[in-house]
Amino acid sequence: NEQIAISMLSDDFDSFLIVRGPDGAEWTNDDFEGNRNASVELIAESGGTFTIWASGFGSQDLGAYTVVVDRQGVVQMDVTEGRLDYKDDETIKGEFVDRHEIELAAGGSYIVELLSLGFDGFLRLESPSGDVWRNDDAGTTTLSRIGPVDGEAGTWTVHITTVRQGEVGAYDLRVITRAD
């Protein structure tokens, strides 16, 4: 597994980036961190050809741009499969929720991802000391990402839920650690 960041930079127009993996998975981004550039971060789980479409957000956008591919290194990825369904607990707003406890070591750098299948997922991460991170969008409605976060030794709690009430479906919870 390799972590890769792909960015599109332009001073001339509002960038829009689409990346498709060899398995057909697709990531998109417009306005990375609120600016006119676009960026996608992904974990390449296997070799193959990735296709990058660099475009302007508007149909009349023209000008110079740069695409940067940053191969950030080998990572270890632990995957837990799960499913949100009608038997699960519900949040106060009525969305179904699963809770997972994960053990992380101090000093590491971690990314927690939710790959949701059939629903728009929402991810909440709580550290042993009570710090909380939330995310429902990592460039696609099927991927939510938190991190990197610095490891604090102990039990972390991951809450997996949906953006809207009544949504159900399978998911993969991925905890990513730099292996190098």
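Please report, for the Cα atoms of segment 81-148, the Rg to one decimal and the Dmax as a whole number; what are they, in angstrom?
Spelled out, the Cα radius of gyration and Dmax of segment 81-148 are 12.8, 38 Å.
Once label points are set 7 Å from the Cα along Cα→Cβ at both Asn35 and Gln165, what is their separation, rounded to one decimal in nm?
Rounded to a tenth, the inter-label distance reads 4.1 nm.
Need one number: convex hull volume per residue for segment 9-73, Cα atoms only, in Å³.
Per-residue hull volume (Cα only) is 90 Å³.
Using only alpha carbon pairs under 8 Å that are at least six residues apart, calculate the relative contact order of the chain and give it in whole percent. Before the final figure, lay out each step's value.
Details: 471 pairs, mean separation 44.9, N = 180.
Relative CO of the chain lands at 25 percent.
Subtracting the Cα-Cα distance from 0.36 nm times the residue separation, let me have the gained length for Gln76 to Arg99 in nm, one decimal.
Roughly 6.1 nm would be gained on extension.
Run the quick spin-label model on Ala5 and Phe57: label points 7 Å from Cα toward the beta carbon, then report their separation in nm to one decimal.
2.1 nm
Taking the solvent-accessible surface of protein heavy atoms with a 1.4 Å probe, what is the per residue accessible area of the chain in Å²?
The answer is 53 Å² per residue.
Which value, in nm² and rounded to one decimal, describes the direction-averaged projected area of the C-alpha convex hull of the chain?
For the chain, the mean projected area of the Cα convex hull comes to 11.4 nm².
State the extension gain, in nm to one decimal, for the chain segment bounded by Asp85 and Thr28, taking 0.36 nm per residue of separation less the distance between their alpha-carbons. Could you put the intermediate results ahead of the total?
Values: separation 57, 0.36 × 57 = 20.52 nm, distance 2.77 nm.
So the chain would gain 17.7 nm between Asp85 and Thr28.
The values are calculated or read from the model by the stated rules, or taken from the named source; none is laboratory data. What you are looking at is a predicted structure, and each value in this text was computed from that prediction instead of being measured. Because the Cβ atoms are built from the backbone with ideal geometry, glycine has one as well, and the counts that use them run over all protein chains shown. Heavy atoms of the whole protein, side chains included, go into the accessibility calculation; ligands, DNA and RNA do not. Shrake-Rupley method; radii C 1.70, N 1.55, O 1.52, S 1.80 Å.
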